[in-house]
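S.K.: The following block contains the structure, expressed as structure tokens.
The values are calculated or read from the model by the stated rules, or taken from the named source; none is laboratory data. Just so we're clear, the structure is a prediction, and the values are computed from it rather than from any experiment. Here the Cβ positions follow ideal geometry from the backbone for every residue, glycine too, while neighbour counts run over all protein chains shown.
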Amino acid sequence: MTDQREDRLRRLMEATGESTKAGAIDAAIKHYLNDLENKRRVAEELPTDALEELHTPWLPLERETSVGRDN
């Protein structure tokens, strides 16, 4: 394991209060999936600049746009 990865795991364990790497990873997975679901739920209501701020390579956010008039 690289030093950077080991450091991230140590920081994750501290942040989550978990005493094991597996526990910290499990907490991070739950957080990631919940965060993604919440952000996708409100993405349509957010201004574009806020959506861009929340978008990351690890948690991509997009929204569909349509051009033209509804008839």
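S.K.: Please enumerate the residues belonging to segment 32-51 that are assigned to a helix (DSSP H, G or I), free of Cβ contacts under 8 Å to residues at least 12 places away in the same chain and not aliphatic (A, V, I, L, M).
M.R.: Across segment 32-51, the qualifying residues are Asn34, Glu37, Asn38, Arg41, Glu45, Thr48, Asp49.
S.K.: Given the structure, is Lys39 within 13 Å of the chain's Cα centre (by Cα) and at pLDDT 95 or above?
M.R.: It is false that Lys39 is within 13 Å of the chain's Cα centre (by Cα) and at pLDDT 95 or above.
S.K.: Identify all residues within segment 1-31 that are among the hydroxyl-bearing types (Ser, Thr, Tyr) and either under 26 Å from Leu61 (Cβ atoms) or in a helix (DSSP H, G or I) (or both); write none if there are none.
M.R.: Within segment 1-31, just Thr16 meets the criteria.
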